[in-house]
1. Scan the range A:20-49 residue by residue and report those that are small (Gly, Ala, Ser), more than 14 Å from chain B (Cβ to nearest Cβ) and within 12 Å of DNA strand C (Cβ to nearest atom).
2. Could you look through the range A:58-71, keep only residues that are more than 8 Å from DNA strand D (Cβ to nearest atom) and buried (at least 18 other Cβ atoms within 10 Å of the Cβ), and pick out the one that is nearest to B:Gly84 (Cα to Cα)?
3. Which residue pairs have Cβ atoms under 8 Å apart, sit 6 or more places apart or on different chains, and have a first residue in the range B:116-137 that is more than 7 Å from every other protein chain (Cβ to nearest Cβ) and a second that is crowded, with 16+ Cβ neighbours inside 10 Å?
4. Considering B:Ser98, B:Ser55, B:Ser124, B:Ser112, which residue is more than 28 Å from A:Leu103 (Cα to Cα) and away from DNA strand D (no atom under 12 Å from the Cβ)?
5. Which of the following residues is in contact with a Leu (Cβ under 9 Å, 6 or more places away or on another chain) and surrounded by 15 or more Cβ atoms within 10 Å (Cβ to Cβ): B:Glu117, B:Glu109, B:Glu133?
6. Could you tell me whether the range B:72-92 includes any residue that is among the polar types (S, T, N, Q), surrounded by 15 or more Cβ atoms within 10 Å (Cβ to Cβ) and either at pLDDT 95 or above or more than 16 Å from DNA strand D (Cβ to nearest atom) (or both)?
7. List pairs: first in the range B:59-87 and in contact (Cβ under 8 Å) with a residue 60 or more places away in the chain, second surrounded by fewer than 16 Cβ atoms within 10 Å (Cβ to Cβ) and not in a helix (DSSP H, G or I), Cβ under 8 Å, 6+ apart or cross-chain?
2 protein chains.
Amino acid sequence: MTQTDTNSFTDNGSAHLRAAGLKVTLPRLRVLDVMEQSDRRHMSAEDVYRKLIDSDAEVGLATVYRVLTQFESAGLVYRRHFDGGQALFELNDEENHSHVVCLKSGHVEEFSDPIIEARLREISESLGYTMTEHTIVVHGIHKDAK
Amino acid sequence: MTQTDTNSFTDNGSAHLRAAGLKVTLPRLRVLDVMEQSDRRHMSAEDVYRKLIDSDAEVGLATVYRVLTQFESAGLVYRRHFDGGQALFELNDEENHSHVVCLKSGHVEEFSDPIIEARLREISESLGYTMTEHTIVVHGIHKDAK
DNA sequence: ATAGCTGCAAAACCTTTGCAATCAA
DNA sequence: TTGATTGCAAAGGTTTTGCAGCTAT
């Protein structure tokens, strides 16, 4: 990928990486780029790996896993386990959103709701917990599905 | 394994199994029993397997997986993926509850809340979905943890 | 009798790790 | 320079599957 100079993602990426205390390396920039450019918001390590291979980047799958795990520690991405087989990674855009998964099509949609947010915090508090994060997955059937 | 006749769990189990269209076999009754008698509500296949071994039942791990998967299809248990490593199975007691997981101790607690329930249904509807199930996991830190 | 169930071992998956070479700072 | 990072291959942990024998109905 002959990438040009004044590329916003590269600059952003470097900044993000540095802010996370990670050395700025090509594999890391690449993974970040793939996730930012992708139309799918939730990607498995394998998905990311394939995209890299397809765009002629030479990165090992193990590295993708390592990088994604580092990104997770750094708070750049979330690791989700919607159905358990494989983990899906998603960029942290600072909006704590929830998911609706269609049982027929498998399509994933997002939403976020302050009412639920507040209520969860309230409930956690009453149970003695300080809520740091929450994950909501609604399973449903879309009216236009299949 | 030499199981007696008038065992309450056996009778209950048999009914559940038959209702699910599954043959009433010893391994299935045993797995059901273990899950019902366990003090822990969330158990991995391995957990169930160990309990069976400990109580002199001769059941293979593969069978435990198969049985649990069948139970899941039959709606008798839920398969959860709190952190991805291994799946945890939980009896379906018809109460759709949510979970709070302590980040320090790993302890899992449950709750359910009609306000959130209603709100989720409402939101799903507005997105074009008919909600069939939902999973909520709150990550937090308990005030008395570690 | 027979379709379904089981145990065992092997395979399939996803993910992590050891190690020598390579790279960013 | 030098510790961090990488690719490869091998190992690890969880779950599934093929198959021959056993079992509930």
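1. Of everything in the range A:20-49, those that are small (Gly, Ala, Ser), more than 14 Å from chain B (Cβ to nearest Cβ) and within 12 Å of DNA strand C (Cβ to nearest atom) turn out to be A:Ala20, A:Gly21.
2. Looking at residues that are more than 8 Å from DNA strand D (Cβ to nearest atom) and buried (at least 18 other Cβ atoms within 10 Å of the Cβ), I get A:Leu68.
3. B:Glu117/B:His134; B:Arg121/B:Met131; B:Glu125/B:Met131
4. When all the criteria are applied, what remains is B:Ser55.
5. B:Glu109
6. No.
7. From residues that are in contact (Cβ under 8 Å) with a residue 60 or more places away in the chain, the pairs are B:Leu76/B:Ala20; B:Leu76/B:Asn92.
The values are calculated or read from the model by the stated rules, or taken from the named source; none is laboratory data. Source: prediction; values computed, not measured. Don't worry about glycine lacking a Cβ; one is built from the backbone with ideal geometry, like all the others, and counts go over all protein chains shown.
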